[in-house]
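Asks: What follows is a structure written as structure tokens; I'll ask about it next.
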Amino acid sequence: RADPERRTVFVEQIQGLLKGATDGQHLLVYLDEAHIHQDADLGYGWSVRGERLWVCSKSPGLSAKLSFYGIYLYNLGQTEIWPYLRANGEYTMDVLARLRHRFPTRAIKLLGDGAPYHRARKVREHVARLNIDLIPLPAYSPDFMPVEALWRWLREDVTYQHCHASTDELIERVKAFRQRINANPWEVADRLWIKD
């Protein structure tokens with residue numbers, strides 16, 4: 001369902017954004033959200049052939065979840081993963097304010113998807129007040145969003161085969177994951193680089 005022309009235009013546009021980031025003209029930031037459940041994601045696992053793989057779960061159910069805002073700071077090879085009750089316009093404005101507070105004087109180019117709360121008037125006005133340049137990705141183009149790879153990595157390391165007894169435990173394990181991966185910016189850049 002993606003528009004090939006818009007994707008082509010974006011590929012041309014991103015070349016300049018990447019060069020500007022490399023030259024230090026601006027901070028290139030990708031933003032995406034994910035809903036992470038406390039219950040175990042049934043990813044891949046090993047077991048004895050012919051025997052079931054059992055996962056310990058207190059099964060709080062699919063309603064026990066948090067929304068996380070994932071940020072990839074391209075220039076730095078770093079991530080931020082901030083928990084919120086849900087993803088909406090108010091929380092998005094808070095995330096943007098936190099981002100501006102962390103980089104008060106840097107020019108920021110922010111790439112995000114077309115979530116309705118990203119396009120809301122109050123969010124766009126907030127972005128303008130914060131002097132952040134918001135650049136939408138083409139519709140139906142998750143392959144242009146490196147934070148999608150961050151969510152896969154997080155699920156592999158944090159939620160596959162593990163049930164979290166509380167949201168606090170989930171938040172702490174996500175925090176430890178972020179600290180661990182940020183210790184190696186080259187690995188972050190390699191894992192989040194858009195390969196195609």
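Asks: Out of the residues in the range 26-41 that are in contact with a strand residue (DSSP E or B) (Cβ under 6 Å, 6 or more places away or on another chain) and either among the acidic types (Asp, Glu) or free of Cβ contacts under 8 Å to residues at least 12 places away in the same chain (or both), state the one that is surrounded by the fewest Cβ atoms within 10 Å (Cβ to Cβ).
Replies: Per the criteria, the residue is Asp41.
Asks: Right, another one. Across the range 126-136, what is the number of residues that are assigned to a loop (DSSP other than H, G, I, E, B) and open to solvent by 50 Å² or more (accessible area, probe 1.4 Å)?
Replies: So the count comes out to 1.
Asks: Would you confirm whether or not the range 137-159 contains a residue that is open to solvent by 10 Å² or more (accessible area, probe 1.4 Å), touching a Gly at 6+ places or on another chain (Cβ under 6 Å), in a strand (DSSP E or B) and not acidic (Asp, Glu)?
Replies: No, that holds for no residue.
Asks: Next question. Of the residues that make up the range 118-125, is at least one surrounded by 18 or more Cβ atoms within 10 Å (Cβ to Cβ), closer than 14 Å to Tyr69 by Cα, of a type outside the set (Phe, Trp, Tyr) and in contact with a helix residue (DSSP H, G or I) (Cβ under 8 Å, 6 or more places away or on another chain)?
Replies: Yes: one or more hits.
Asks: Please determine whether any residue of the range 160-173 is open to solvent by less than 10 Å² (accessible area, probe 1.4 Å) and either over 18 Å from Asp32 (Cβ atoms) or in contact with a strand residue (DSSP E or B) (Cβ under 8 Å, 6 or more places away or on another chain) (or both).
Replies: Within the range 160-173, one or more residues are open to solvent by less than 10 Å² (accessible area, probe 1.4 Å) and either over 18 Å from Asp32 (Cβ atoms) or in contact with a strand residue (DSSP E or B) (Cβ under 8 Å, 6 or more places away or on another chain) (or both).
Asks: Would you confirm, using the coordinates I've provided, whether Ala107 is surrounded by 13 or more Cβ atoms within 10 Å (Cβ to Cβ), within 29 Å of Thr22 (Cβ to Cβ) and at pLDDT 95 or above?
Replies: So Ala107 fits the description; yes.
Asks: Additional query: Collect the residues in the range 138-196 that are among the acidic types (Asp, Glu) and modelled with pLDDT under 90, keeping them in residue-number order.
Replies: The answer is Asp196, and nothing else.
Asks: Could I ask something else about it? If Arg86 satisfies all but one of (1) modelled with pLDDT of 95 or more; (2) open to solvent by 90 Å² or more (accessible area, probe 1.4 Å), what's the number of the condition it fails?
Replies: The single condition Arg86 does not satisfy is (1).
Asks: Turning to a different aspect of this structure: Among the numbered criteria (1) buried (at least 18 other Cβ atoms within 10 Å of the Cβ); (2) over 30 Å from Pro4 (Cβ atoms), which single criterion is violated by Leu192?
Replies: Here Leu192 meets the rest and fails (2).
Asks: Another question, then. Which one is surrounded by the most Cβ atoms within 10 Å (Cβ to Cβ), of the residues in the range 54-75 that are modelled with pLDDT under 95 and among the aliphatic types (A, V, I, L, M)?
Replies: Leu66
Asks: Does any residue in the range 5-25 that is under 16 Å from Ile135 (Cα atoms) come within less than 6 Å, Cβ to Cβ, of a residue that is of a type in the set (A, V, I, L, M) and outside any helix (DSSP H, G or I) six or more places away or on a different chain, and which pairs are these?
Replies: Leu17/Leu28; Ala21/Leu28
The values are calculated or read from the model by the stated rules, or taken from the named source; none is laboratory data. Not measured: the values here are computed from a predicted model. For neighbour counting, all protein chains shown are included, and Cβ atoms are generated from backbone atoms with ideal geometry for every residue, glycine included. Ligands, DNA and RNA are stripped out before the accessible areas are found, and what is left, the full protein with its side chains, is counted by its heavy atoms. Shrake-Rupley method; radii C 1.70, N 1.55, O 1.52, S 1.80 Å.
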